[in-house]
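Below is one structure; the comments refer to it alone.
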Amino acid sequence: MSESRASAEKNSHVKEQRLREKLLPEIEAFKASRRSLQLATKSASGVPNASYAPFALADDGFYILVSELARHGTNLRESSQVSVMLVEDESQAKTIFARKRLTFDAHASLVARETEAFAKGVAALSARFGEMIENLSVLKDFNLFKLTPHHGLYVKGFGQAFSLTGSELLDVDWKRDGHHGGAPTSEASVATRVETENAEPA
């Protein structure tokens with residue numbers, strides 16, 4: 001390996017590490033600051049529905065407690081494919097056209113009652129929302145779901161979009177193709193690219 005190539009790879013590694021050290025704490029703080037998530041589900045026949053749910057984040061995914069009487073509650077039982085968004089409040093955004101947001105595709109799994117996973121999810125939700133969760137969790141029409149992210153996108157503003165992978169969305173990649181695009185090609189990749197982007201508005 002030539003000296004110049006070795007130097008370039010070292011510089012790239014340093015940039016990747018700096019990106020992680022700067023961005024990941026910011027993303028974690030953003031997730032912690034949100035108390036509800038926007039939820040896009042679909043029925044067995046493919047009819048979409050947009051809704052929301054309060055959530056709690058654990059080390060293995062996002063937990064939500066929803067009624068099967070609601071459309072999204074029924075949809076989650078019929079289809080495990082969901083899309084989720086955590087978004088900055090309009091009143092706090094610098095511009096309405098580029099609100100800070102975290103979006104991700106996820107797998108929704110129904111958590112069986114009388115299991116350790118159910119107790120874990122309810123405990124996480126109760127820690128955030130108190131007695132209401134304890135009351136709802138004993139109702140038979142309320143079901144606990146765990147949302148496990150596949151990949152996501154964190155948008156800070158115009159030209160600042162970062163791909164995220166992993167079940168905790170901890171692997172970061174600076175996107176080059178604007179705010180939208182397909183899933184990352186590598187589950188373990190962490191790369192930073194400092195080229196100027198001309199990302200489209202939100």
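Since every read-out is calculated from the coordinates, none of them should be taken as a lab result. Please read all numbers here as calculations on a predicted model, not as lab measurements. Heads up, the Cβs are rebuilt from the backbone with ideal geometry, glycines too, and the neighbour counts pull from every protein chain shown.
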Quick check for you: which residues of the range 35-67 have the amide N under 16 Å from the point 7 Å beyond the Cα of Gln81 toward its beta carbon? 40-50
Over 18 Å (Cα to Cα) among Lys31/Lys146; Lys100/Lys146; Lys31/Lys100; Lys42/Lys140; Lys22/Lys156; Lys22/Lys100 -> Lys100/Lys146; Lys42/Lys140
